[in-house]
Amino acid sequence: MPAPRSSLIAAVLSTIVPGSGQIYNQELKKGLVIFSSCLGLGLLSYWISGLNKINILLALLLLWISAVADAYKVATTSGQAADFYYRRPYVVAMLLLVGPLALPLLWQSPNFSGTARWIWTFIVVGGALLFVGTPYLMNWLIRQVAQT
């Protein structure tokens, strides 16, 4: 069992740099995934404009707040996984808000059957592909209509 950690220090570290609270709690992989996800979303928001930029920034904010809450809860429970983290409503909310970034959470949650995991994975990946592919499809359709 890991040594008890200060929940306040974990929350402050995660507030300053997302994922650092997890690293402080000796959850290196989780901390690196959170940090790289936040960094990726931040860089992506730099290049995208309009409504998509707002959506990406909201996803970044949600991920960051979740990281702070997770660092605090894990430090409070002395390294045990936080209960709320794997509850169905939380997992489904994360899937709908951050899409494929929440798939590891879905697959680690004991509250979903194998069939439910595959269904949610198909829905989330399909939605993400539809979201990414729609502008290209619309551009192609506009060119086809303009040629006729």
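The values are calculated or read from the model by the stated rules, or taken from the named source; none is laboratory data. Keep in mind that this is a model prediction, so the values were computed, not measured. All Cβ positions, even for glycine, are placed from backbone atoms using ideal geometry, and neighbour counts span all protein chains on display.
Determine whether segment 99-108 contains at least one residue that is more than 14 Å from the chain's Cα centre (by Cα), in a helix (DSSP H, G or I) and surrounded by 15 or more Cβ atoms within 10 Å (Cβ to Cβ).
The answer is no, given that none of the residues of segment 99-108 is more than 14 Å from the chain's Cα centre (by Cα), in a helix (DSSP H, G or I) and surrounded by 15 or more Cβ atoms within 10 Å (Cβ to Cβ).
Answer yes or no as to whether residue 49 is closer than 23 Å to residue 108 by Cβ and part of a loop (DSSP other than H, G, I, E, B). It would help to see each step written out before you state the result.
Numbers: closer than 23 Å to residue 108 by Cβ: no; part of a loop (DSSP other than H, G, I, E, B): yes.
No; evaluated as a whole, the condition is false for this residue.
Answer yes or no: is there a residue in segment 57-72 that is under 17 Å from residue 27 (Cβ atoms), surrounded by 17 or more Cβ atoms within 10 Å (Cβ to Cβ) and touching a residue at least 60 places away in the same chain (Cβ under 8 Å).
yes
Return the residues of segment 109-125 that are part of a helix (DSSP H, G or I) and either at pLDDT below 90 or under 23 Å from residue 57 (Cβ atoms) (or both); say none if nothing qualifies.
124, 125
So, in segment 21-56, exactly how many residues are crowded, with 16+ Cβ neighbours inside 10 Å, small (Gly, Ala, Ser) and either touching a Pro at 6+ places or on another chain (Cβ under 6 Å) or without any contact (Cβ under 8 Å) to a residue 24 or more places away in the chain (or both)?
Qualifying residue count, segment 21-56: 2.
Please go through segment 124-143 and give me each residue that is β-branched (Val, Ile, Thr) and surrounded by 13 or more Cβ atoms within 10 Å (Cβ to Cβ), ordered by number.
Step one: list which residues in segment 124-143 are β-branched (Val, Ile, Thr), which gives 124-125, 132, 134, 142.
124, 125, listed by residue number.
Quick one: how many residues across segment 64-96 are modelled with pLDDT under 85 and either acidic (Asp, Glu) or within 11 Å of the chain's Cα centre (by Cα) (or both)?
The number of residues fulfilling the criteria is 1.
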